[in-house]
Amino acid sequence: MSLTAEEVIAKFKESGALLEGHFMLTSGLHSPVYLQCALVLQQPRDAEQFGRSIAEHFQTENIQTVASPAIGGIVIGHEVARALGARFIWTERQNGSMILRRGFSVAPGERILVVEDVVTTGGSTRETVTALQASGAQVVGAASIIDRSSGKADVGVPRIALATLDVASVDPSVCELCKRGEVAIKPGSRKT
Ligand SMILES: [Zn+2]
């Protein structure tokens with residue numbers, strides 16, 4: 001059974017992967033929501049269920065290969081590939097460019113699905129799509145567990161997400177929470 005958007009969000013909250021409050025993101029922007037996807041993917045059984053749910057959208061697309069931007073996309077991309085019976089590869093950034101390394105290659109016309117954990121601006125997915133297309137592959141679509149762009153991110157190919165969050169990330173100068181005098185915290189920097 002495919003997970004509903006509500007079930008996806010519930011799993012994030014249960015695992016502490018979705019925090020609500022007042023946060024400073026890596027980008028420097030402030031947001032009332034912070035996502036740490038690695039926490040929801042700690043249990044392989046949960047990762048497998050997310051993977052199957054994404055795969056269900058692409059069962060009839062003859063996907064030969066799933067490709068993900070490292071590091072964030074690797075766990076979920078691998079699970080989607082398992083569910084589709086496809087090959088799995090990843091791209092990584094070198095000198096600012098997203099490329100295939102480690103001997104990975106794609107064939108001309110190879111049907112590829114690009115999978116990431118969270119789409120915020122869509123930058124990593126879009127760069128992965130572009131790199132694969134430049135190698136001659138046919139990128140059929142893209143997917144993520146969460147879309148936090150309110151559906152706005154354009155990655156150049158059709159895209160789906162298991163759950164879409166409508167949360168603004170704003171410059172601190174216009175942050176409503178800051179105006180109320182609340183201090184933004186940076187969850188990534190906290191050690192537990
Ligand atoms: Zn703020």
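A few remarks follow.
- Spacing of the modelled spin labels on Asn62 and Gln43, each 7 Å from Cα toward Cβ, amounts to 3.8 nm.
- Unit charges on C-beta of K, R, D, E only; dipole of segment 31-92, Debye: 80
- Mean Cα-pair separation over length for the chain, i.e. relative contact order, pairs under 8 Å, 6 or more apart, %: 22
- Karplus-derived HN-Hα couplings along segment 124-138 (A = 6.51, B = -1.76, C = 1.60, θ = phi - 60°), whole Hz, x at Gly and Pro: 5, 5, 4, 5, 5, 4, 5, 5, 5, 5, 5, 8, x, 6, 9
- For segment 7-23, 3J(HN,Hα) per residue [Karplus equation, 6.51 cos²θ - 1.76 cosθ + 1.60, θ = phi - 60°, Hz, x = Gly/Pro]: 5, 4, 4, 4, 5, 5, 5, 4, 8, x, 7, 10, 9, 10, x, 9, 10
- Taking the DSSP beta bridges with both ends in segment 59-149, the antiparallel portion is around 20 percent.
- The chain, dipole about Cα centre (Lys/Arg Cβ +1, Asp/Glu Cβ -1), debye to the nearest 20: 500
- Here's how it looks for Val167: its modeled amide H is under 5 Å from those of Ser150, which are all 5 or more places away or on a different chain.
- Longest DSSP-loop-exposure-free segment, trypsin sites (Lys or Arg not before Pro), the chain, at most 12 other Cβ within 10 Å: 1-100
- When Rg and the Kirkwood Rh are both derived from Cα coordinates, the Rg/Rh ratio for segment 1-157 amounts to 0.96.
- Helix-only CD estimate at 222 nm, as mean residue ellipticity for the chain, using -39500 (n - 2.57) per DSSP H run (n ≥ 4): -7500 deg cm²/dmol
- Ala142 long-range amide H proximity, modeled H, under 5 Å: Val114, Arg159, Ile160
- Positive minus negative residues near Glu116 (Lys, Arg vs Asp, Glu; Cβ under 12 Å): 0
- Each of Ala55, Leu25, Ile145 was scored by the projection of its Cα onto the charge dipole of the chain, and the greatest displacement toward the positive side belongs to Leu25; charges sit on the C-beta of Lys, Arg, Asp and Glu.
- Among beta bridges that DSSP assigns inside the chain, antiparallel share in %, nearest 5: 30
- Principal-axis tilt of helix 44-55 within the chain, Cα atoms, nearest 10 degrees: 70
- Summing Lys and Arg as +1 and Asp and Glu as -1 over all other residues whose Cβ lies under 13 Å from the Cβ of Ile145 gives a net charge of -3.
- Under 5 Å, built H, 5+ apart or other chain: amide partners of Phe88: Val66
- Here's the picture: charge each Lys and Arg Cβ at +1 and each Asp and Glu Cβ at -1 in segment 77-139, and of Thr91, Ser105, Gly123 the one pushed furthest to the positive end of that dipole is Ser105.
- Note on segment 123-192: Rg/Rh from Cα positions, Kirkwood definition for Rh, rounded to two decimals, is 1.13.
All of the numbers you see were taken from the coordinates with simple rules; none came from a lab. Only a predicted model underlies this, so the values are computations on that prediction, with no experimental measurement involved. Cβ sites come from the backbone with ideal geometry, for glycine too, and all protein chains shown count toward neighbours.
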